[in-house]
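K.L.:
The structure's right below; bear with me while I get my questions together.
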Amino acid sequence: MNILLFNGSPRKRGNTDLLLERIETVIHRSGFKAEQIDLPQLDIHPCTGCGHCETEGVCIFKDDMTPLYDKIEAAHRIVIGSPIYFFGVTAQAKAFIDRCQVLWSRKYLLGEIKPEREYRHGYMVSVAAADSDKIFEGARRTIRYAFDAMEFTFSGELLARGVDGKGAVAGKTELLAEAELLGATICQKP
């Protein structure tokens, strides 16, 4: 099984990073490989809405996003992790998601539908300092639409609200247990 973990957090050893690390550890213990991709470390040009992908199915920009299209196409499971910034994903995660317009265009405009899409599952991991009931709504919608464009079924989430301070999740055993459970769930075959 091919598993990708996209980390949209610019903070190394921060809460999102630690939860994704815990998930990855369980995946490895289960005998599967997972590749964590740190989006803030990549050079991903923002989408300019030029429309090229709508007719050609490829993006005009050749940058660090280019090889990610093939990785997404080959994946069976994807996790998108991002802390919440102003009720949404980070700028780095959003740039990645916006560039998935190529995949949306292939699917909805060019008719390239994957017959195996029901076996491809996507998961969301997010941490917010605020304790609002609605803090994850914007990010959740964004990530759900991204998974639809990638042809993945949104299959679960790990949301941690009211967690502030770098690395604070390390002291929250219930969140770490939830991360381990999500890691085990990701490894289950449909």
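The values are calculated or read from the model by the stated rules, or taken from the named source; none is laboratory data. Treat the numbers as computed from the prediction; the structure is a model and nothing was measured. Because the Cβ atoms are built from the backbone with ideal geometry, glycine has one as well, and the counts that use them run over all protein chains shown. Heavy atoms of the whole protein, side chains included, go into the accessibility calculation; ligands, DNA and RNA do not. Shrake-Rupley method; radii C 1.70, N 1.55, O 1.52, S 1.80 Å.
K.L.:
What is the extension gain from Ala177 to Tyr145, computed as 0.36 nm multiplied by their sequence separation minus the C-alpha to C-alpha distance, in nm to one decimal?
P.N.:
Values: separation 32, 0.36 × 32 = 11.52 nm, distance 2.75 nm.
Working it through step by step, the gained length comes to 8.8 nm.
K.L.:
Which ³J(HN,Hα) values, rounded to whole Hz and listed in residue order, are derived for region 22-33 from phi using the Karplus coefficients 6.51, -1.76 and 1.60 in 6.51 cos²θ - 1.76 cosθ + 1.60 with θ = phi - 60°, glycine and proline given as x?
P.N.:
5, 4, 4, 4, 5, 4, 5, 4, 7, x, 10, 9
K.L.:
Starting from the Cα of Asp164, step 7 Å toward the Cβ, then list every residue of region 99-141 with an amide N under 20 Å from that point.
P.N.:
126-137
K.L.:
Put a dot 7 Å past each Cα toward the Cβ at Glu56 and Gln188; how far apart are the dots in nm?
P.N.:
For the pair Gln188/Glu56, the computed spacing is 4.3 nm.
K.L.:
Take the residue pairs Lys33/Lys94; Lys71/Lys114; Lys12/Lys172; Lys94/Lys172 and return only those whose Cα atoms are more than 21 Å apart. Kindly include the intermediate steps, with their values, before the conclusion.
P.N.:
Details: Lys33/Lys94 25 Å; Lys71/Lys114 15 Å; Lys12/Lys172 18 Å; Lys94/Lys172 28 Å.
Where the Cα-Cα span goes over 21 Å, the pairs concerned are Lys33/Lys94; Lys94/Lys172.
K.L.:
Taking the Cα centroid of region 45-111 and of region 148-171, what is the distance between the two, rounded to the nearest whole Å?
P.N.:
19
K.L.:
Collect residues whose amide H, placed 1.01 Å from N in the peptide plane, falls under 5 Å from the amide H of Val127; neighbours closer than 5 in sequence don't count.
P.N.:
Those qualifying (amide H under 5 Å, at least 5 residues apart or on another chain) are Ser82, Ile84, Ala160.
K.L.:
When the dipole is taken about the Cα centre of region 79-132, and only Lys, Arg (+1) and Asp, Glu (-1) are charged at their Cβ, what size is it in debye, to the nearest 20? All intermediate terms of the calculation are to be shown ahead of the outcome.
P.N.:
Details: 7 positive and 5 negative charges, 45 e Å.
Using Cβ point charges on Lys, Arg, Asp and Glu, region 79-132 gives about 220 debye.
K.L.:
While we're here: Find how much the distance from Asn2 to Asp43 grows on full extension, using 0.36 nm per residue of separation minus their present alpha carbon separation; answer in nm with one decimal.
P.N.:
Numbers: separation 41, 0.36 × 41 = 14.76 nm, distance 2.34 nm.
Here the segment from Asn2 to Asp43 would lengthen by 12.4 nm.
K.L.:
For the chain, what % of the accessible area comes from carbon and sulfur atoms, probe 1.4 Å?
P.N.:
Working: 4640 of 9210 Å².
In the chain, the share of accessible area belonging to carbon and sulfur is 50 percent.
K.L.:
A further question on this structure: What is the spin-label model distance, in nm, from Lys114 to Phe154 if the labels are put 7 Å beyond Cα along the C-beta direction?
P.N.:
Result for the modelled spin labels: 1.7 nm.
K.L.:
Provide the per residue accessible area, probe 1.4 Å, for the chain, rounded to a whole number of square angstrom. Provide the component values of the computation, followed by the final result.
P.N.:
Details: 9210 Å² over 190 residues.
Per residue, the chain has 48 Å² of solvent-accessible surface.
K.L.:
What are the ³J(HN,Hα) values, in whole Hz, obtained from phi via the Karplus relation 6.51 cos²θ - 1.76 cosθ + 1.60 with θ = phi - 60°, for each residue of region 135-146 in sequence order, with x given for Gly and Pro?
P.N.:
4, 9, 4, x, 5, 4, 5, 4, 5, 4, 5, 5
K.L.:
Give, in nm to one decimal, the length gained when the segment between Glu137 and His28 is fully stretched (0.36 nm per residue of separation minus the Cα-Cα distance).
P.N.:
Numbers: separation 109, 0.36 × 109 = 39.24 nm, distance 3.06 nm.
Additional length available on full extension: 36.2 nm.
K.L.:
Can you tell me the dipole magnitude for region 1-124 around its Cα centre, using point charges on the Cβ only (Lys, Arg +1; Asp, Glu -1), in Debye to the nearest 20?
P.N.:
So the magnitude is around 400 debye.
K.L.:
Is the shape of region 1-47 best called rounded, prolate or oblate, per the rule: a/c under 1.5 gives rounded, else a/b larger than b/c gives prolate, else oblate, with a ≥ b ≥ c the square roots of the Cα gyration tensor eigenvalues? Display every interim value, and only then the final one.
P.N.:
Working: a/c = 3.68, a/b = 1.55, b/c = 2.38.
Note, shape of region 1-47 comes out oblate.
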